[in-house]
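Accompanying notes for the structure given below.
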Amino acid sequence: MGLIDQMRAGDRRALARLVTIVENGGDDGRRALAKLYQYTGQAHIIGVTGPPGAGKSTLVNEIALELRRRDASVGILAVDPTSPFTGGAILGDRIRMQPLGHDRSIFVRSMASRGQLGGIARATGDVVKVLDAAGFNAIIVETIGAGQAEVEIAREAHTTVVVEVPGLGDDVQAIKAGILEIADVFVVNKADREDAQKTQRHLQAMLQLGGVPREQWDVPIVMTVATRGEGVAQAVDAIQSHLQHLKAGGYFGERERQRVEREFRMILQGLALGLVQERVGAAQREAMVAQIQTRRIDPYTAAERMLAEALGVGEAR
Ligand SMILES: Nc1nc2c(ncn2[C@@H]2O[C@H](COP(=O)(O)OP(=O)(O)OP(=O)(O)O)[C@@H](O)[C@H]2O)c(=O)[nH]1
Ligand SMILES: [Mg+2]
């Protein structure tokens, strides 16, 4: 039996190996993805993002446990955490205490930073596919809401949960405008702290300023104390309602189409660039860069010429 069949039969070691193969990228990774892609598209992909130390990992653990209580299997990916992700151990301990015993329906993995922009987004998206093909009902991806890569990862999720905490300042600028565009559910965690209500009112005001709800969805604001599990059931309710809303409103298919198209274009771009680099020598490419720098040619024309040369046609157009 091949690795993919083993994984689909519930073999956790096969799953872990496939995750590593795909995370590393390269030909082996691509071959594995090509075979398992047909099994993807089943999971509810949930992004959880927010500032460092907001309690994302604690919350993700609690959300996973709540989803388990609702009979869903859960895959968790922590992307580039600044602090080591202790979720696996904590979760393992909690699960072991339950009558279920050794719970094979939860899988936790930390993704190391690739150190290159775009690399981590690619690797995350591909590992999500592995977990999806493995049959997890829900896949939670934790990212620190800081840079472009995180926003890109969030865009790949069906439901994006943005975690805020009290006391980050009350001016509108304190909460990044970009976050409004990606949030499907707001969670104000550490609601045991003072000023939690203030943060909630502030978010409410921001949402109202935002105008017409995207996809006819009113973004809920859920208050949680993740360390005590408070509000977690409401957070999961909101997350599940959002998926239902997407499906009932016909938005789900459209999101999927856009996502698939974006991904296809990205891959095509990468392949085209690879082809050019393979067929046009480094010296020639460097000469072209020099010509662009000295304004003897513009970058558009240069790119067209190089592509035409790589393809062996007279002119790209
Ligand atoms: N008071 C309080 N503390 C919390 C709450 N949730 C999490 N914490 C604490 O906040 C700290 C950070 O929690 P994490 O779950 O590691 O936060 P994180 O957002 O995953 O952190 P990074 O991944 O490093 O960005 C820990 O000490 C938690 O115990 C909460 O609801 N209330
Ligand atoms: Mg974390």
Could you list all residues from the range 173-187 that are modelled with pLDDT of 90 or more and in contact with a Leu (Cβ under 7 Å, 6 or more places away or on another chain)? PHE186, VAL187
Residues of the range 222-232 classified as surrounded by fewer than 19 Cβ atoms within 10 Å (Cβ to Cβ) and either under 22 Å from the mean Cα position of the chain (by Cα) or within 16 Å of ligand 2 (Cβ to nearest atom) (or both), total: 1
State the number of residues belonging to the range 122-151 that are crowded, with 24+ Cβ neighbours inside 10 Å, over 25 Å from ALA14 (Cβ atoms) and modelled with pLDDT of 75 or more. 1
Quick check on the range 104-121. Is at least one of its residues under 20 Å from ARG12 (Cα atoms), more than 16 Å from ligand 2 (Cβ to nearest atom), part of a loop (DSSP other than H, G, I, E, B) and modelled with pLDDT under 85? yes
Total residues in the range 25-57, condition closer than 22 Å to GLU164 by Cβ and either under 18 Å from the mean Cα position of the chain (by Cα) or more than 16 Å from ligand 2 (Cβ to nearest atom) (or both): 12
Residue in the range 223-235 that is at pLDDT 90 or above, in a helix (DSSP H, G or I), touching a strand residue (DSSP E or B) at 6+ places or on another chain (Cβ under 7 Å) and assigned by TED's automatic domain parsing to the domain that holds ILE46 present: yes
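Each row is one residue, and each column tells you yes or no for (1) touching a Gly at 6+ places or on another chain (Cβ under 6 Å); (2) within 16 Å of ligand 1 (Cβ to nearest atom); (3) part of a loop (DSSP other than H, G, I, E, B).
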| position | (1), (2), (3) |
| --- | --- |
| ASP27 | no, no, no |
| ARG31 | no, no, no |
| GLN38 | no, no, no |
| ILE46 | no, yes, no |
| ALA54 | no, yes, yes |
| LEU59 | no, yes, no |
| ILE63 | no, yes, no |
| ASP71 | no, no, yes |
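The values are calculated or read from the model by the stated rules, or taken from the named source; none is laboratory data. All of these numbers come straight from a predicted model, not from anything done at the bench. Every residue, glycine as well, gets a Cβ built from its backbone with ideal geometry; the counts of neighbours run over all protein chains shown.
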